[in-house]
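Encoded as structure tokens, the structure appears first; notes follow it.
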Amino acid sequence: MKHPTGSIRISEQADGDGLLDFEDAVVDGLSKVRKSLPCRFFYDERGSQLFEAITLLPEYYPTRTEIEILREHADEIVASIPGNAVLLEFGSGSSTKTEILLEHCPPTVTYVPIDVSPSALAEARQRLARRFPALTVTPVIGSFTDPIDLPPTLRSRPRMGFFPGSTIGNWTPEEALTLLRSLRDMLKVNGRMIVGVDLKKDAQTLVRAYNDSAGVTAAFNLNILARINRELGSAIDVASFRHEAIYDPRQGRIEMHLVSIREQTIGICGRRFHFLAGERVHTENSYKYTVPEFQELSRRAGWLTGSVWTDAGSQFSIHELISPAHA
Ligand SMILES: C[S@@+](CC[C@H](N)C(=O)[O-])C[C@H]1O[C@@H](n2cnc3c(N)ncnc32)[C@H](O)[C@@H]1O
């Protein structure tokens, strides 16, 4: 993992799982019979900015609802956090929601935001330094799917995880099970984790959230093609693709696709990829859960389930998970 200049180096891991190997992932994904691109590559500098713009859209209820729940229950959520705790955030992005928790945390906690987006981490770090001058922030550029080796001074401290934004929904339930297990290992015995999970609801509300009238989510989805052009020197006609978001009620997931408007062949890194008119590239899943479904998944991953906080309209949920000694 890489660390922004000036931060403590937590580990010397290279980009081991090929996370930052954009070229390999693109070639691999577009070589499949059903073409796909991994959603973690949405978040270059432009993608992170577009995601922040999405969070402000009237149709995009998850961010404002999760913030509303956090504001209402922040006291309870961080009530038991010890003063020497390490607060690890998985996919921290702008760290906006974290500020709500930090306002209620002892000033002596150490905050470790983990994200694949260096620009988002750098911006968040600067903002947090102004807002919480006494806070120690130790950003990690990399994937939270990799093990994290905390520096010796932090290793024996109690750990609390924060995993907001329903990012867990980007994994299939089976993959989420594996991820929840590995996060439990990372947070150690008696570790706690606060997870934001979007709830199942009517298809119209869901589709509108991922297909807004201003076209910001479309720009976010299409940006991955622009990123291929920028970083891999391709010449994809981005306008020859359109954004599509559909809800699959059977799987309980929103799917985002890029649809080729016409038949075309695209060159990337010396390879050629053929697209039929109407052919799709699957770019993201966003699974939705009921509260009992997510609790069941967490228990299967070895967590004890604690409090659950929701909004009055039952749109979004925040779960407290506790890592037991015996799991
Ligand atoms: C849906 S956004 C949520 C951002 C923020 N936590 C929030 O709730 O508003 C997902 C964030 O996770 C990051 N991300 C996605 N996959 C990741 C991975 N495997 N490792 C680290 N960060 C990841 C993205 O860069 C992005 O900032």
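Below, the figures for the structure above:
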| read-out | value |
| --- | --- |
| Spin-label model distance (nm) - residue 157 vs residue 71, 7 Å beyond Cα toward Cβ | 2.9 nm |
| Globularity index of the range 122-224, i.e. its alpha-carbon radius of gyration over 2.2 N^0.38 Å | 1.36 |
| Per-residue HN-Hα couplings for the range 64-74 [Karplus 6.51, -1.76, 1.60; θ = phi - 60°; Hz; x = Gly/Pro] | 5, 6, 5, 4, 4, 5, 4, 4, 5, 10, 3 |
| Dipole magnitude of the chain, debye to nearest 20 (Cβ charges: Lys/Arg +1, Asp/Glu -1, about Cα centre) | 240 debye |
| Folded to 0 to 90 degrees: helix 22-31 orientation relative to the chain principal axis, Cα | 50 degrees |
| Within the range 114-132, backbone nitrogen closer than 17 Å to the virtual label 7 Å beyond the Cα of residue 56 toward Cβ | 120, 123-124, 127 |
| Label-reachable residues, the range 100-124, where backbone N falls under 16 Å from a point 7 Å from residue 188's Cα toward its Cβ | 109-112 |
| Tail beyond 23 Å, pair distance distribution of the range 238-325 (Cα, percent) | 50 percent |
| Karplus 3J(HN,Hα) series, Hz, for the range 179-194 with 6.51 cos²θ - 1.76 cosθ + 1.60 (x for Gly, Pro) | 5, 4, 5, 6, 5, 5, 4, 5, 8, 6, 4, 6, x, 10, 9, 10 |
| Hull-based mean projected area of the range 32-173, where the convex hull spans the alpha carbons, in square nanometres | 10.1 nm² |
| Kirkwood-type radius of the range 196-291, with distances r between different C-alpha atoms, in Å | 14.6 Å |
| Cα long-axis angle, helix 45-55 against the chain (0 to 90 degrees, to the nearest 10) | 70 degrees |
| Binned Cα-Cα distance frequencies in the chain - 10 Å width, integer % | 6, 26, 34, 24, 9, 1 |
| Dipole of the range 120-185 [Lys/Arg +1, Asp/Glu -1 at C-beta], most positive-end residue of 167, 154, 143 | 154 |
| GNM top mover of 217, 110, 205 - the chain, alpha-carbon springs below 10 Å | 205 |
| Trypsin sites (Lys or Arg not before Pro) restricted to DSSP loop in the range 210-263 with at most 12 other C-beta within 10 Å | 250, 262 |
| R0 of 41 Å, Cβ-Cβ distance residue 80-residue 277: FRET efficiency to nearest 0.05 | 0.10 |
| DSSP beta bridge pairing in the chain, given as percent antiparallel to the nearest 5 | 65 percent |
| Along each principal axis, Cα extent of the range 45-98, largest first, Å | 36, 25, 11 |
| FRET efficiency for residue 32 and residue 119, using Cβ-Cβ distance with R0 set to 25 Å, rounded to 0.05 | 0.30 |
| Surface/4 of the Cα convex hull for the range 146-189, nm² | 3.5 nm² |
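Here, each number is a calculation from the coordinates, and none is a lab measurement. Here the structure is a predicted model, which is why all the values come from computation and not from measurement. For neighbour counting, all protein chains shown are included, and Cβ atoms are generated from backbone atoms with ideal geometry for every residue, glycine included.
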